[in-house]
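Only the coordinates and a few stated rules stand behind these numbers; no lab work does. Remember, it's a predicted structure, so these values are computed and weren't measured experimentally. Here the Cβ positions follow ideal geometry from the backbone for every residue, glycine too, while neighbour counts run over all protein chains shown.
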Amino acid sequence: MTEWNTQQLIDADKKFVWHPFTNMRDWCAPDHEPLLLVEGHGAILRDSRGREYIDGNSSIWTNIHGHNHPHINAAIRSQLDRVAHTSFLGFTNPAATELAEAMVDLFPPNSLTRVFYSDDGSTGIEVALRIADQYWRLRNSRKYQFIAFQRGYHGDTAGAAALGAAAMFQIGPTRWNFPAIHVPDLKTLERISATEAAKIRAFFVDPSHARRGIGSLLLEHCEKQARAHGYTEVELMATLPGVRLYAARGYVGGPQVHIDVGSGETIEFIPMRKALEHLGQ
């Protein structure tokens, strides 16, 4: 086992690193010793002092096959022998193209047809916001609002934070945020008038609501409201497990649908987010 200078590394961390979602005053307190993780095998992580831990949340929902998986390690080494990184701006590469095709093939024909790569959950949501914005702008639409459930969590970048967990980020109408309406439940959603609904660019749903069974109810509600108000264009933007179920229901027939996927799909090494799109005429 490699010997680590734990105290030196911790001192350097406290001096040079700013950790996310962390009270840095507490973190940098002299009596606080962070866990310095140095190795992982399967579901087990090991710190610099040789203590072992079960990776109970899969390194924030990304490590579904275990640390140091030999097949994954070999695939990454093989790619590194060819090239580690190339720009995607004006270029393409075999791995990205083949992955996009494989992901689209998971969904029913002519439902979700394109993949937009980004690097994490927050930026996947930012992609969704911007694509929805561009979609309606190109159609000279006056839609400008987004809608999401209260207490949903979509990420910590500006647009994603505006969609939910506002108290966590201490944002409000006078702070940096997208124009978002927060509703507590489906009953409140049903009371939104046709006039207000006509201003909405997209609806966002987070995984916690899907797990509570709201996903299917939401789809039924949106379809009913669209028919009631004579709308032919419906958008669903979601970060949902089991999205294949929703696509298979034939609901992905509107001009634009975005489904943001990523957690648990990039194994453990490189964070990445994929936004699957259905872009109509």
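Please give the contour-minus-distance gain from residue 14 to residue 142: 0.36 nm per residue of separation, less the Cα-Cα distance, rounded to one decimal in nm.
41.2 nm
In nm, give the distance between the simple-model label positions of residue 2 and residue 194, each being 7 Å from the Cα along the Cα-to-Cβ direction.
Label-label distance for residue 2 and residue 194, simple model: 6.5 nm.
Normalised by the number of residues in the stretch 61-155, what is the relative contact order in percent for Cα pairs under 8 Å and 6+ residues apart?
Across the stretch 61-155, relative contact order equals 17 percent.
Taking the inverse of the average 1/r across all pairs of different Cα atoms in the stretch 6-56, what Kirkwood radius in Å do you get?
On the way: mean 1/r = 0.0829 Å⁻¹.
So the Kirkwood estimate lands at 12.1 Å.
Share of Cα-Cα pairs in the stretch 1-115 beyond 24 Å, in percent? The partial results should precede the final answer.
Numbers: 3539 of 6555 pairs.
Value for the stretch 1-115 (Cα pairs over 24 Å): 54 percent.
With only alpha-carbon pairs counted, each pair once and no self-pairs, how large is the Kirkwood hydrodynamic radius of the stretch 78-140 in angstroms? Don't jump to the answer; show the numbers that get you there.
Details: mean 1/r = 0.0709 Å⁻¹.
Over the stretch 78-140, the inverse of the mean reciprocal pair distance is 14.1 Å.
Express the relative contact order of the stretch 6-56 as a whole percentage, based on alpha carbon pairs under 8 Å and six or more residues apart in sequence.
Working: 40 pairs, mean separation 12.6, N = 51.
Answer for the stretch 6-56 is 25 percent.
Restricting to DSSP loop positions (anything but H, G, I, E, B) with no more than 10 other Cβ atoms inside 10 Å of their own Cβ, which chymotrypsin sites (Phe, Trp or Tyr not before Pro) remain in the stretch 1-108?
Those satisfying the criteria are 18, 21, 88, 91.
Ordered by residue, what ³J(HN,Hα) values in Hz, to whole numbers, does the stretch 77-89 give under the Karplus form 6.51 cos²θ - 1.76 cosθ + 1.60, where θ = phi - 60° and Gly and Pro are x?
For the stretch 77-89, the Karplus curve yields 4, 4, 5, 4, 5, 8, 6, 7, 7, 9, 5, 9, 8 Hz.
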